[in-house]
Structures are given as C-alpha cells and as structure tokens.
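Shown next, in structure tokens, is the structure this report addresses.
Values in this text are rule-based calculations from the coordinates and carry no lab data. Treat the numbers as computed from the prediction; the structure is a model and nothing was measured. Here Cβ is always computed from backbone atoms with ideal geometry, including for glycine, and neighbour counts include all displayed protein chains.
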C-alpha cells in the first residue's frame, strides 16, 4: 500500500521530492549541543547569591526542626514517656 | 609575496550527506504524527510513574477523608507539574546532559554532592515504599511476598539491562497505558457528575475547616505530585534518548499528555477513596480498601486495584532507580546509557540493580521499620523539593549556559517563582506543625 511507511537507509541528498523522512532520535546524526565543557561555576550575581543563601538558611532551619523532632520523640525534652 | 586567488565554483563542491535509517512518508501530517510518536516517552513516563505506590496511598486517603472535596488541588497541580517539567525539557535538549551533571558544573562540588546524596537517599527510601506496596498487594492476591517481591525485582532488572533504550521505553509506555484502567474503576464507583465537576472547579475547604490533618494531607498531595526525582529522571532520559532541538515542541506535547494522564488518574484514585468513605469502609492502606469493598464492588474491582497498585509500584521503581543510576553515572563520569550493553556500562547498571535489589531485600526482612522509612521519605522529600526547584530555576535563567533562545521568558519566571514560594511555604508549614502541633486545630 502506497501510504505505508517503510523503514530504509536514506542518504539525505537523495530524498525524493514530496517525500518526508521520519528519523528516530537514536538513529539520527548526532546533533551539536550547547558546549558546556568550558563553563565553570555560575556567576554569582546578586539574585543567584540571594537564592543560594535563602536555600542554605531554609536547609539549616529544616534540619534543625527534624533534629528537634527526633530528640523530642526520644524523650530528651521530657514530653514523652 | 604574490597571493593567488583560487576560484572554485559551488558546482564543484560536493557535500557528503549522511545516510540515516528512517521511515519515508508522503504526507506532512503522517510525518508529524510519526515524529511525535518517536519522541513520545520521557514526558509520559515521568508523569505517569509519579503516580507510584505512595501516590496511590495519598490520593486514596485524601478521598477517604474528604471525599472529592480536594479535587480542585489536582487541577492547580496540573499546570504546575507541566511548567516544572517543561523547564527540564529545555535544559535537557539544549545541553544533552543530565541534571546532576549541570548542578555539579554550575553550582560547584558542595551543592553537587548535596543534591546527589539527597537524591540517592530519598530515592532509595522511596524504593522501599514501592516494594512495601508490592508486598501488601501480592499478599492480598494470595501470593507470598517471598515469591512476589523477587519476581517483581527480577522483572525490573531484566527490563533495563537488555542494552536497548527503545525496548525499555516501549515496555514502560505499555505499563503507563495500563494505568488508564483507573478510569474504568472510577467510572464504576463514580459519585454524581455534578459533585465531581463542582469539587474540581471550585476550591473549598472541607467541613471542619483548616485542621492539622488537612494541612498535612495537602502537603502530602503536593509533595507526591511534584517529586525531586522527576527533574533528574526526565533530563537524563531526554539526554539518553538524544532528543533534538527540532523535537522540543513534541517533547512538550509528550509531557503535557503525561500531565493530563497523571492528574486524571490521581482524580480517579481520589474517587475510589471517596467511594470507601461514603460506604463506611475503613482501611489503613489501598490493598485493605480493595478487599473491604469486595462485597459492594465485586471481585473485578478488588483485583483491578491490587494489580494497579503493583503497576504503580513497578513504574515508580524503574523510573526512580534509573534517575539514581543516571545521576550517579553522570557525576562519576561513567558511561551511563540504556543503549549500552551491560559490560560497557557496568557502574551504571550495577547502581540500578543495587537500588532495586537492596530495596526489595529490605522489605522482606521481618519487622523491618517500614513505617519509619515511609515517614522519613515524606520528611526528606519535603526538604529536597524546594532546593531541586531552585537549582532548576537558576539554571533556566543562566544565559551563559543556554543563550537567549532557551532561557526562561519573564512570564516563565513569574510562574516559577510563585511555585517556588508556595512550595517553600508548604514545607515551612509542615515543619511548623512538627514544632507546634497545636498550630492548626485537630480534626
């Protein structure tokens, strides 16, 4: 049937007119991505610094609360028998 | 010195084009459809696998406690989960690298180690809850967990170690499609359509007001719908599948479709829990609920719910274990692709196998502290989620990394910072409840 797609090896220069080639990403020619190899750490702009400092403060607070809860459950604060 | 100019006609230049394997079609719509089907996978899987064993438990419990009155939260979470994963798509396609690798590279070793350790720990504890759910479900099906759990673990390992990304993906997509059976269950157990539509579209606080139990459940719903492992999983999956820049809109559609499925299925789980509530069924877990409802709903619904619990746990396990293996492989610089045979990516596959085997083994230990583990998962995930989202947001505003084309637009940032602030607030409320249990009145 003429509309049934057929898997084949196709040279991209030889693609017939009015035809489209559907190529799975894993079968396609590797694509050049953004080159990150020369990038070091992110520049510490004020917004990045504030974000990371807020995150550190949040994590310290949360770990402190978890520690409090664990010690409380263990009865160190005399609330539980 | 004389300079000679050599003129070459463009007709003399022969550009060698590569030969690729593909499907030749004549119509543009067929080209688009087939391209979408080829790209489909990472978005659908990350969303549907998020309805894992913990999610089943949470949504069913929400339905059992509050009926369908919390469906509106799912409607709010639907675009939220899509927006977060859409950022992951851009980052993954643009860089071709995983999330863990990007955090290490752009935020340094300290934050890289923190993210990796937190991810691996939360993921492992979550895997234990998945196998705990498999244990419960197989027991109610009359199968000993000492047989059911190892069979599930072996199946999960075989699914991955075949050295073919496509074989793994097609198997998991089939499991995702099976999850749609929840629609059938919800249809059978449905309350009135008017009630469903009203409770989905109109936000409201259930009778009893804002209690500690309600707050805890709301936070659990949010935490189970947006999980940290999803960021790592989808980006690594996109990198492993080698999605192209031209695939970005299809990847968005894939993720949107996944978001629709996962939220709809979550609603169906709530409907099942609501049915239990209206019929006076009490239970401690979804497997008990399925059993207790048998006299009202029949054997088919009972077996269906138990099998879907196992399906949810299997989906969650493969996705979460892979997110751990990919992240660890990226950071260690190991080969880490499902396309590689076992012997070429031993570290990557052993990490996956180790996660599955250890979690499965732990639940088979008599008197293992499973309740403590389940609680630990909730706490650690609540701590980790805001930090994972912050890194994602900062990376998506990194023009040096992504260039103008792929960074967030202004409206992206407004939406995302709103999501981040709400997530932080919910985490702090959860923490405050721990310190001051009387902060909210009890039910």
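Of B:25, B:117, B:154, which has the largest mean-square fluctuation in a 10 Å C-alpha GNM of chain B? Answer for the Gaussian network model of chain B: B:25. Each semi-axis of the equivalent ellipsoid for segment B:135-279 is √(5λ) with λ an eigenvalue of the Cα gyration tensor; in descending order they amount to 32, 24, 16 Å.
Based on the inverse mean of 1/r over its pairs of different Cα atoms, what is the Kirkwood hydrodynamic radius of chain B, in Å? Walk me through the intermediate numbers first.
Values: mean 1/r = 0.0434 Å⁻¹.
That comes to 23.0 Å for chain B.
Calculated mean residue ellipticity, 222 nm, the protein assembly as shown: -23000 deg cm²/dmol, from DSSP H runs (n ≥ 4) at -39500 (n - 2.57) each, averaged per residue and rounded to 500.
Over the protein assembly as shown, the reciprocal of the mean inverse Cα-Cα separation, the Kirkwood hydrodynamic radius, stands at 24.7 Å. Helix B:53-66 against the longest principal axis of chain B: what's the angle in degrees, Cα atoms only, rounded to the nearest 10? The angle comes out at about 40 degrees.
Taking B:417, B:110, B:29 in turn, the Gaussian network model of chain B (Cα-Cα springs below 10 Å) assigns the largest fluctuation to B:29. Tell me the angle of helix B:99-140 to the major Cα principal axis of chain B, expressed in degrees between 0 and 90 and rounded to the nearest ten. Between the helix axis and the principal axis of chain B, the angle is about 40 degrees.
Starting with the fewest neighbours, write out B:205, B:320 ranked by other beta-carbon atoms found within 10 Å of each beta-carbon. Write out the running numbers ahead of the final one.
On the way: B:205 12, B:320 28.
Least crowded to most crowded, the residues run B:205, B:320.
What separates the Cα centres of segment B:291-358 and segment B:166-214 is a distance of 22 Å. For chain B, the longest principal axis of the Cα atoms and the long axis of helix B:370-395 meet at an angle of about 40 degrees. Taking B:21, B:190, B:167 as the candidate residues, the one with maximal mean-square fluctuation in a Gaussian network model of chain B, Cα springs under 10 Å, is B:21. A straight line joining the Cα centroids of segment A:19-81 and segment B:70-120 runs 8 Å.
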